[in-house]
Amino acid sequence: MSGFLGSTVGKKYLMGISGLIWAGFVLAHMAGNLLIFVSHDAYNSYGHALTSGNIIYVAEAVLVLALLTHIYTAVSLTIHNRGAKQQAYAAPAKGAKKVSLASRTMAAQGALVLVFIILHIITFKYGVYYETTVNGVVMRDLAKLMAEVFQSPAYVGWYVVCLILLGFHLSHGVGSSFQSLGLMEGTYRQLWKKLSCAYAAIVALGFIAQPLYLFFFAH
């Protein structure tokens, strides 16, 4: 990778764009999953509609490319920033220049979120295949699989912890993405930060509500 996209600024742009692609996906995924509160048939119909056409392959290709781009640029920028800081600072920054805990742990957060994504795909996309019929259409019974998986206290605990971590990652990451794209300048900077935090809270709480509901109330 050379030229603008190979520069630090270019990598920040790529990281920001790829991050926002995933931010949009997780919001849409969370909203779709809320159909479990409507009925199992509604949730299964939603899942079937997403996977029954060829568009799913295009969407998956875009998400994989965005994820790989995000990982590559994150690692590259982290290595670059650590090298620059070791040369520039003899003591840790204080006051306004002090880096937040969320910012300092973004790499660790990202690594754990990646592990969560992989295990999540293995559990649900490639998990046990149940069938059901909704309005005369035979489809995969994802609602049954989800209800079954979320009867495990260990899995529910793991899921909740990972979604809280994802919330922290998004709260800082979405704001950083907007900043990398030059959209957090001027008087609206604090507003963008608040919107990023609100978005992250909505996504995390929306996802967490599903396993808690299935574990405690759906038997």
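The C-alpha atoms of the chain define a longest principal axis, and helix 153-180 lies at about 40 degrees to it. Each of Phe216 and Ile17 was given a label point 7 Å from its Cα along the Cα-to-Cβ line. The distance between the two points is 4.3 nm. Helix 106-120 and the longest principal axis of the Cα set of the chain meet at an angle near 20°. With neighbour counts taken as other beta-carbon atoms within 10 Å, the residues Leu163, Leu67 rank, fewest first, as Leu67, Leu163.
Going by neighbour counts of Cβ atoms within 10 Å, the residues Thr8, Thr105 line up, fewest first, as Thr8, Thr105.
For Phe217, Phe25, Phe178, the sequence from fewest to most other C-beta atoms within 10 Å is Phe217, Phe25, Phe178.
As a ratio to 2.2 N^0.38 Å, the alpha-carbon radius of gyration for the chain is 1.16.
Rounded to the nearest 0.05, the FRET efficiency derived from the C-beta distance between Leu181 and Ile202 at R0 = 35 Å is 0.95.
Nearest 10 degrees is fine. How inclined is helix 40-51 to the longest principal axis of the chain, computing both from alpha carbons? Helix 40-51 sits roughly 60 degrees off the main axis of the chain. Residues in segment 104-129, backbone N under 20 Å from the label point at Leu63 (7 Å along the Cα-to-beta-carbon vector): list them, ranges by number please. Counting only backbone N, you get 110-129.
Read-outs: derived from the displayed coordinates by stated rules, not from any lab. As the structure is a prediction and not an experimental result, all values here were calculated from the model. Neighbour counts run over all protein chains shown; Cβ positions are idealised from the backbone, glycine included.
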